[in-house]
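Visitor: Shown below is the structure under consideration.
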Amino acid sequence: MSPPIGFTLRRRTLLAGTAAAALTHSMTRDASAQTAEAPQPVGPQTSTVTLVVNGTPREITVDNRVSLLDALREHLKLTGTKKGCDHGQCGACTCTVNGERINACLSLAVMHDGDEIETIEGIGQPDNMDPMQAAFVEQDGFQCGYCTPGQIQSARKVIEEIRAGIPSHVTGDLTAEIAMTDAEIRERMSGNICRCGAYANILSAITQVAEENA
Amino acid sequence: MKFNSPVETNLFDDAKIIGKPTQRVDGPLKVTGTAPYAYERNDAAPDALYGYPLGAAIGHGRITAMDAEAARNAPGVRAVVTTLDIDPLEKGMNNVARLFGGNEVQHYHQAIAVVVAETFEQARAAAARIDVTYEEGEAADLDLDAAFRRVEGSGEPDTLFGDVDAAFRDAAVVTDQMYHTPGESHTMMEPHASTVDWSDGGDMTVWTSNQMINWNHQSIATTFGIEPERIRVESPYVGGGFGAKLWLRADAVLAALGSRAAGVPVKLALPRPMVMNNTTHRSATVQRIRLAANPDGTLKGIWHEAAAYCLPGGRGENATAQTPIFYAGETRRVKNHVLDMPLPETADMRAPGEASGLMALEIAMDEMAEALEMDPVRFRIINDTQVNPSDPDIPFSDRHFVECLERGAEAFGWAERNTSAGGRRDGDWLIGHGVAGAYRGALVLPSGARAILDGGKLIIETDMTDIGTGSYTIIAQTAAETMGMSLDDVEMRMAHSAYPVSSGSGGQFGAPSSTSGVYAACMALREKIAGNLGLQDPTFADGNVVSGETRMSLSDINEEVSAEDAIEWGDFQDGYAMGTFGAHFVEVGVHAYTGETRVRRMLAVCDAGRILNPVTARSQVIGGMVMGVGAALSEDMALDRGRGFFANHDMASYEVAVHADIPDQQVIFLDTLDGVATPLKAKGVGELGLCGAAPAVANAMYNATGIRVRDYPLTMDKFIDQLPSI
């Protein structure tokens, strides 16, 4: 990606230190950065990690820069987890790490040695769908389908989070049991964008599953 | 099949599958993550390497030098192609800016290089090491408001009917206001992406994410100067389009160039921050609307003048699209100005024209109703028309706009609405209600398909795409219905250039056109089966073909029978105005202290002919309403006028509606029948849900606060100073 137009760092806004120096170097593209003599990285550029993916340990050797998302999609060929923005803005890459949902694009694979990762492929298959997957089909909780695996991952966790008493921005009484309200579900699902606008149907699917296993 | 006259009764009037709520046939693949999108074709191109693009870092000008040496020497890099390495490529269909080649920069983030490397990380890092020297073009005036003022009143009107000047001079009530809509970005969830195998520079295979297989196929042939027969294009799953993927874009072009240079298949997705400025968007508009009314509420004059920007040779956004036809009126003057500006390319986005035009016109209608002290629902009903008001000899093929308004008012509880602007409160929230009319043209395009009966299975082949609209499902329904078979008997094969050319997906023409094409193919198949069996006018029902005493199961026909046909639209349709109609009703709460606006409930009533599948059609409409909430309250491409690019080019700063923004939504389909439109008496509905949704929010916000904002999006900074004092 090119730097923004005419972007020059105002030095007085920078903190002193190595981070600032590194930024200046890459963003201003001074003369030394343009030569073929690129600065060489220090230390190993790859790491070997074991991810326990959908219950199966998978040892991979990856470039240290590989995100968890790309480790899943490009190294393990599990393409059900989607790349919508690669910047933690859209939620399409939501998957579960050690039982908690995260944006896989915002995490490096090398940070997850030994972690339990659950992807959409581990939840259910076309002829053996998980109740949430089946509810999404039943309620038409998607259109193009690209945000859908992330929505389903979040949806399953939202029910658990509410039941575990984890409060959200819209939770009123922090000492009372949190009710499974539309507002709670909508708030907690708001990190997962659906540009096709299936939100109302996604809410129906989540509510259906929550009621089925109440 | 030629569609040469309005259809009377046919098999769809006694339908068992069409029109019935039907779950998506591709649903299980999508919810399990097993539907392969363009960047995920490990089944077809498992060894594809990684392409990464570089975008221009100036608004416009030219490149004087590029040094790619460091990138070429970077770890893992297999090829680098810069825009200086090749002559400008020919432009494909409706491409305004060229996609690659040459030293000219026409807009920010125009593609200027592609790096192919063994890993994504290597390609990305190497692309950042390409050094580019630019010569910036002359600063351009990017002030659309000022540009509108310069051209206002000039040029021949696009529509002129009656003595407009006299009407406005003599009218009892006149309104006259300026309205602004911002640039909007499609922001589909899957960025533009392609995997291309052009390893030997010979035959090319393109696995891409595109709404229009045939247009894309032809454009690739034009762009690279190779025979269409040597190109194969597939796009079985598209992660949203909304118009952004109608045309060939840089993802496919760069992947192809990278593939040829590296001698391997290459996959490339546009990085999200590059999508907004590299690809197309909906132009901002400036609109002046003057309305003249008689004391009884009938419109005496409609005067709509608008402007949008585009690169030279482009089309901009025609915000006046609906104005010649939507409402009755004794006189009318309509003019749209398309103004050249060196900005990223503008082109179609969902309901191009009407979406932004109605954002202004439906506020204007609300303002006139208020000036007349008339119920805005009643005001719209009074100004209904059953003929094209700018060409009164042309009747509408089928129009139930009044029924949309009446049914909606009833279902929404319009009678209990707040009737004094700013006069209703619920705690800290000001409560308001708004209505808006919806109109979108009902275009149809030629569309073909092949139907194959093979051992009791019905295979449908067509290059039609499913961009989330439900094409797989409604086409399977159409085929099963026509052949008297069950949905489970149908196998869908779509979105491949080897299949018959369809309408593709866009402009809400996909559903009516492609189902008609499949109907034509299935009728041809029926004829062939009848001929093979020597049967006269047989019927097809319950998996059997029946004629007189003969009854045979289709699964007992051993040899494969295949038929191909296409729907062609007769000139008789030119004698009608074909459109879809609707009414949106919205309740909002506006926080009395902060100006935060929350939509509380929404209702849409739609008149779009036969609804082929109420499940997928409803999803289309609620999705359009969601996009309308974004258009009303948050979506805004922020133009840096000094540098000529859009600054908020990612999904954090270009704000589309999220879960928490969307309340209870209701949709009512009138389920009308339009025999002029298609053999299935169906029209598109995918864009209607967006048309009018945003102005209904705007009108509700005015009703809540008494503050009229005519500049979208209706963010609190535009009116917080006018809120009642605390």
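The values are calculated or read from the model by the stated rules, or taken from the named source; none is laboratory data. Keep in mind the model is a prediction, meaning the values are calculated, not measured. FYI the Cβ positions are ideal-geometry reconstructions off the backbone, even for glycines, and counts take in every protein chain you see.
Visitor: So for the range B:187-200 (the condition being within 25 Å of B:Glu354 (Cβ to Cβ) and in a strand (DSSP E or B)), does at least one residue qualify?
Guide: no
Visitor: Taking the range B:27-49, which residues are more than 24 Å from A:Cys144 (Cβ to Cβ) and facing chain A (nearest Cβ under 10 Å)?
Guide: The one that is more than 24 Å from A:Cys144 (Cβ to Cβ) and facing chain A (nearest Cβ under 10 Å): B:Pro46.
Visitor: Still on this structure, please answer the following. Check A:Thr94, A:Thr79, A:Thr50, A:Thr46 and return the single one that is within 11 Å of another protein chain (Cβ to nearest Cβ), of a type in the set (S, T, N, Q) and touching a Lys or Arg at 6+ places or on another chain (Cβ under 8 Å).
Guide: A:Thr79
Visitor: Tell me whether the range B:669-677 contains one or more residues that are modelled with pLDDT of 95 or more and either hydroxyl-bearing (Ser, Thr, Tyr) or not in a loop (DSSP other than H, G, I, E, B) (or both).
Guide: Scanning the range B:669-677 turns up at least one residue that is modelled with pLDDT of 95 or more and either hydroxyl-bearing (Ser, Thr, Tyr) or not in a loop (DSSP other than H, G, I, E, B) (or both).
Visitor: Looking at the range B:190-246 only, could you name the residues that are under 20 Å from A:Ala92 (Cα atoms) and of a type in the set (A, V, I, L, M)?
Guide: B:Ala193, B:Val238, B:Ala244
Visitor: Okay, next question. Taking the criterion of being free of Cβ contacts under 8 Å to residues at least 12 places away in the same chain, surrounded by 19 or more Cβ atoms within 10 Å (Cβ to Cβ) and not hydrophobic (A, V, I, L, M, F, W, C), would at least one residue in the range A:169-187 satisfy it?
Guide: Looking for residues that are free of Cβ contacts under 8 Å to residues at least 12 places away in the same chain, surrounded by 19 or more Cβ atoms within 10 Å (Cβ to Cβ) and not hydrophobic (A, V, I, L, M, F, W, C), one finds none in the range A:169-187, hence no.
Visitor: Of the conditions (1) in a strand (DSSP E or B); (2) more than 22 Å from B:Asp384 (Cβ to Cβ); (3) among the hydroxyl-bearing types (Ser, Thr, Tyr), B:Ser619 fails just one. Which one is it?
Guide: (1)
Visitor: Sort out which residues of the range B:30-56 are among the aliphatic types (A, V, I, L, M) and in contact (Cβ under 8 Å) with a residue 12 or more places away in the chain, and write them in order of number.
Guide: B:Ala35, B:Ala38, B:Ala44, B:Ala45, B:Ala48, B:Leu49, B:Leu54, B:Ala56
Visitor: Taking the range A:113-150, which residues are part of a loop (DSSP other than H, G, I, E, B), touching a residue at least 40 places away in the same chain (Cβ under 8 Å) and more than 22 Å from the chain's Cα centre (by Cα)?
Guide: Answer for the range A:113-150, where residues must be part of a loop (DSSP other than H, G, I, E, B), touching a residue at least 40 places away in the same chain (Cβ under 8 Å) and more than 22 Å from the chain's Cα centre (by Cα): A:Gln139, A:Asp140.
Visitor: Hey, A:Glu121 hits all of (1) at the interface with chain B (Cβ under 10 Å from one of its Cβ atoms); (2) among the charged types (D, E, K, R); (3) touching an Asp or Glu at 6+ places or on another chain (Cβ under 8 Å) but one; which does it fall short on?
Guide: Only one criterion is unmet by A:Glu121, namely (3).
Visitor: Let me ask you something else. Could you count how many residues in the range B:612-655 are aliphatic (A, V, I, L, M) and either surrounded by fewer than 24 Cβ atoms within 10 Å (Cβ to Cβ) or within 9 Å of another protein chain (Cβ to nearest Cβ) (or both)?
Guide: Total satisfying the criteria: 12.
Visitor: For residues in the range B:112-143 being assigned to a helix (DSSP H, G or I) and surrounded by 22 or more Cβ atoms within 10 Å (Cβ to Cβ), which is farthest from the other protein chains (Cβ to nearest Cβ)?
Guide: In this case the residue turns out to be B:Ala123.
Visitor: For the subset of the range B:183-235 comprising residues that are within 17 Å of the chain's Cα centre (by Cα) and more than 14 Å from chain A (Cβ to nearest Cβ), which member is farthest from B:Phe120 (Cα to Cα)?
Guide: Restricting to residues being within 17 Å of the chain's Cα centre (by Cα) and more than 14 Å from chain A (Cβ to nearest Cβ), the top hit is B:Gly183.
Visitor: Within the range B:27-57, track down each residue that is closer than 22 Å to B:Gly470 by Cα and either of a type in the set (A, V, I, L, M) or out of contact with any strand residue (DSSP E or B) (no Cβ under 8 Å at 6 or more places or on another chain) (or both).
Guide: Within the range B:27-57, B:Gly27, B:Pro28, B:Leu29, B:Lys30, B:Val31, B:Gly33, B:Ala35, B:Pro36, B:Ala38, B:Glu40 qualify.
Visitor: Let me ask something additional. Is one or more of the residues making up the range B:244-251 surrounded by fewer than 24 Cβ atoms within 10 Å (Cβ to Cβ), of a type outside the set (A, V, I, L, M, F, W, C) and over 30 Å from B:Arg333 (Cα atoms)?
Guide: Looking for residues that are surrounded by fewer than 24 Cβ atoms within 10 Å (Cβ to Cβ), of a type outside the set (A, V, I, L, M, F, W, C) and over 30 Å from B:Arg333 (Cα atoms), one finds none in the range B:244-251, hence no.
Visitor: Read through the list (1) assigned to a loop (DSSP other than H, G, I, E, B); (2) under 26 Å from the mean Cα position of the chain (by Cα); (3) aliphatic (A, V, I, L, M); (4) more than 14 Å from chain A (Cβ to nearest Cβ), then give the number of the only condition that B:Val238 fails.
Guide: Condition not satisfied by B:Val238: (4).
Visitor: Related question: For the range A:198-211: of the residues being surrounded by 15 or more Cβ atoms within 10 Å (Cβ to Cβ) and without any contact (Cβ under 8 Å) to a residue 24 or more places away in the chain, which is farthest from the other protein chains (Cβ to nearest Cβ)?
Guide: The selected residue is A:Leu203.
Visitor: Can I ask one more? Among the residues of the range B:551-574, write down those that are closer than 25 Å to B:Ile17 by Cα and either in a loop (DSSP other than H, G, I, E, B) or β-branched (Val, Ile, Thr) (or both).
Guide: Scanning the range B:551-574 gives B:Ile557, B:Glu560, B:Val561, B:Ile567.
Visitor: Can you name the residue in the range B:64-78 that is surrounded by fewer than 22 Cβ atoms within 10 Å (Cβ to Cβ) and either out of contact with any helix residue (DSSP H, G or I) (no Cβ under 6 Å at 6 or more places or on another chain) or at pLDDT below 95 (or both) and, of all such residues, is farthest from B:Asp340 (Cα to Cα)?
Guide: B:Asn73
Visitor: Given the criterion touching a strand residue (DSSP E or B) at 6+ places or on another chain (Cβ under 7 Å) and closer than 30 Å to B:Leu160 by Cα, identify the matching residue among B:Ala442, B:Ala476, B:Ala480.
Guide: After ruling out the rest, the residue left standing is B:Ala442.
Visitor: Could you please find all residues in the range A:53-70 being within 11 Å of chain B (Cβ to nearest Cβ) and crowded, with 17+ Cβ neighbours inside 10 Å?
Guide: Selection gives A:Val62, A:Asp63, A:Arg65, A:Val66, A:Ser67, A:Leu69, A:Asp70.
Visitor: For the range B:316-336, state whether one or more residues are among the acidic types (Asp, Glu) and in a loop (DSSP other than H, G, I, E, B).
Guide: yes
Visitor: Among the candidates B:Ile662, B:Ile668, single out the residue that is touching a residue at least 40 places away in the same chain (Cβ under 8 Å) and within 14 Å of chain A (Cβ to nearest Cβ).
Guide: Among B:Ile662, B:Ile668, only B:Ile662 is touching a residue at least 40 places away in the same chain (Cβ under 8 Å) and within 14 Å of chain A (Cβ to nearest Cβ).
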